[in-house]
1. Of Val30, Val26, which residue is touching a helix residue (DSSP H, G or I) at 6+ places or on another chain (Cβ under 8 Å), in contact (Cβ under 8 Å) with a residue 40 or more places away in the chain and either open to solvent by 50 Å² or more (accessible area, probe 1.4 Å) or assigned to a helix (DSSP H, G or I) (or both)?
2. Of all residues in the range 43-83, how many are open to solvent by 20 Å² or more (accessible area, probe 1.4 Å) and within 30 Å of Gln127 (Cβ to Cβ)?
3. Among the residues in the range 1-9, are any assigned to a loop (DSSP other than H, G, I, E, B) and buried (at least 19 other Cβ atoms within 10 Å of the Cβ)?
4. Might you check whether a residue that is in contact (Cβ under 8 Å) with a residue 24 or more places away in the chain, in a strand (DSSP E or B) and within 16 Å of ligand 3 (Cβ to nearest atom) occurs anywhere in the range 136-143?
5. So the check is Cβ under 9 Å with 6+ separation or different chains; which pairs have a first residue in the range 242-253 that's under 10 Å from Asp176 (Cβ atoms) and a second one that's of a type in the set (Ser, Thr, Tyr)?
6. Got at least one residue in the range 106-129 being open to solvent by less than 60 Å² (accessible area, probe 1.4 Å), under 30 Å from Asp62 (Cα atoms), out of contact with any Gly (no Cβ under 8 Å at 6 or more places or on another chain) and away from ligand 3 (no atom under 16 Å from the Cβ)?
7. Tell me whether the range 112-130 contains one or more residues that are of a type outside the set (Asp, Glu), in contact with an Asp or Glu (Cβ under 8 Å, 6 or more places away or on another chain), within 14 Å of ligand 2 (Cβ to nearest atom) and modelled with pLDDT of 95 or more.
8. Here's a check for you: in the range 146-158, which residue that is of a type in the set (A, V, I, L, M, F, W, C) and in contact with a strand residue (DSSP E or B) (Cβ under 6 Å, 6 or more places away or on another chain) is nearest to ligand 3 (Cβ to nearest atom)?
Amino acid sequence: MARLVMKFGGTSVADVERIKNVAAHVKREVDAGHEVAVVVSAMSGKTNELVGWVNEAARLHDAREYDTVVASGEQVTVGLLSIALQEIGVAARSWLGWQIPIRTNGAHSTARIADIDGQALIERLEQGQVAVVAGFQGLGPDNRITTLGRGGSDTSAVAIAAAVKADRCDIYTDVDGVYTTDPRIVAKARRLDKISYEEMLEMASLGAKVLQTRSVELAMVHGVRLQVRSSFDPPDAPQGTGEGANYVGPGTIVCGEDEIVEQAVVSGIAYTKDEAKITVQKVADQPGVAAKIFGPLAEASINVDMIVQDVSEEDKRTDVTFSVPASDLARAEDVLRRAKDDIGFEELKSDTDVVKVSIIGVGMRSHVGVAQKMFQTLAEKGINIQVISTSEIKVSVLIGAEYTELAVRALHSAYGLDAA
Ligand code: ADP
Ligand code: ASP
Ligand code: MG
């Protein structure tokens, strides 16, 4: 007997028929003798619709009321799934974030889970009742409803798994695992049997939305074994075998690096269009200028990602180019314009038609020439690199958005990742 957390995303609970399919997956595990907590998202498209309504009501709105509205999608699916489970003879009840409670900090719309008391859930699980928990939502310090950021149900699932000391957390979605890159844009993407927490964390934070970044962070910290698998596999299809580290399942296991025998130099490629480029033109090339540019941005909590400074010409003036999240572009420009006299730049240019493409792999720690191959591959395709950034296990480049698919496909082949 094991204790499992099963998480189902939006497309897996898109309508009542799909919810009945989820109930069948849950029943299978209950019938196998396991204790099960389920975490569900809102029906696909629902959260977008709710966000749209909030923006329609007022462009600038109270973040606490935003959370009250957008958290409601998950209330519908926990209720429906509990009913569908009861209907097929499985004891179940729904749990909203505040009823457990899932305590978060007060950062409305991007809250972080602070603490979950798993005791009440554990008691019910031990009595054989399935706990159906609303993803994405929690309770802030002021007792108001909070939400965990888009894709946050993954994080709810991992946090619940840690709180009830689950043996595994299965993330059911619309693909059957983690691929070497987004299978929707590269037909030759390959499903990985295993991926390390470190690599998955980079993949997620660099754009692979199959898992929310924070969920991987939490899984790594608490040692929660994750499996990404498909809810579209028939509920009665063959299941995994073995236990713990010997478990082999139908999906991708996210686990410690030590468990992975064969380590590729580059394991995956990610991309994100959620970046914007800013160039601060003709600033003095002297000590203190970078601090004057990036200080005000940091004070405004704007996360600067990649940075490049051009070589100055004879007049000792230079251009500084960097990227920020696209959603922060307007604010970043405003902050810089207000600091114009202090920074002493001539002009400010911005571009949202950019994409960040990244290669990821722990093997980079012990191999040289990995970045060079990336630059060479892009050069051969005539793709200009605008900004570069690197860390221990990834290299990212900012390029024109029109080259996204060409770049990802070319790199996928160049690093030998294409499926046979
Ligand atoms: P859910 O609604 O179940 O949470 P998401 O839409 O958030 O599902 O995440 C699943 C999607 O992530 C897939 O449909 C796929 O297009 C995308 N994706 C991006 N990169 C990857 C990758 N490397 N491996 C698998 N899926 C990926
Ligand atoms: N329903 C939320 C969203 O669409 C949370 C999730 O699906 O993970 O972002
Ligand atoms: Mg998701």
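The values are calculated or read from the model by the stated rules, or taken from the named source; none is laboratory data. Here the structure is a predicted model, which means the values were calculated and not measured. Cβ: placed from backbone, ideal geometry, glycine included. Neighbour counts: every protein chain shown. Heads up: the accessible areas ignore ligands, DNA and RNA and are worked out on the full protein's heavy atoms, side chains in. Shrake-Rupley method; radii C 1.70, N 1.55, O 1.52, S 1.80 Å.
1. Criteria check complete, one pass: Val26.
2. 7
3. So far as the range 1-9 goes, yes, one or more of its residues are assigned to a loop (DSSP other than H, G, I, E, B) and buried (at least 19 other Cβ atoms within 10 Å of the Cβ).
4. yes
5. Pairs that qualify, where the first residue is under 10 Å from Asp176 (Cβ atoms) and the partner is of a type in the set (Ser, Thr, Tyr), are Pro250/Ser230; Gly251/Tyr172; Gly251/Ser230; Thr252/Tyr179.
6. Within the range 106-129, one or more residues are open to solvent by less than 60 Å² (accessible area, probe 1.4 Å), under 30 Å from Asp62 (Cα atoms), out of contact with any Gly (no Cβ under 8 Å at 6 or more places or on another chain) and away from ligand 3 (no atom under 16 Å from the Cβ).
7. There is no residue in the range 112-130 that is of a type outside the set (Asp, Glu), in contact with an Asp or Glu (Cβ under 8 Å, 6 or more places away or on another chain), within 14 Å of ligand 2 (Cβ to nearest atom) and modelled with pLDDT of 95 or more.
8. Once the filter is applied, the top-ranked residue is Ala157.
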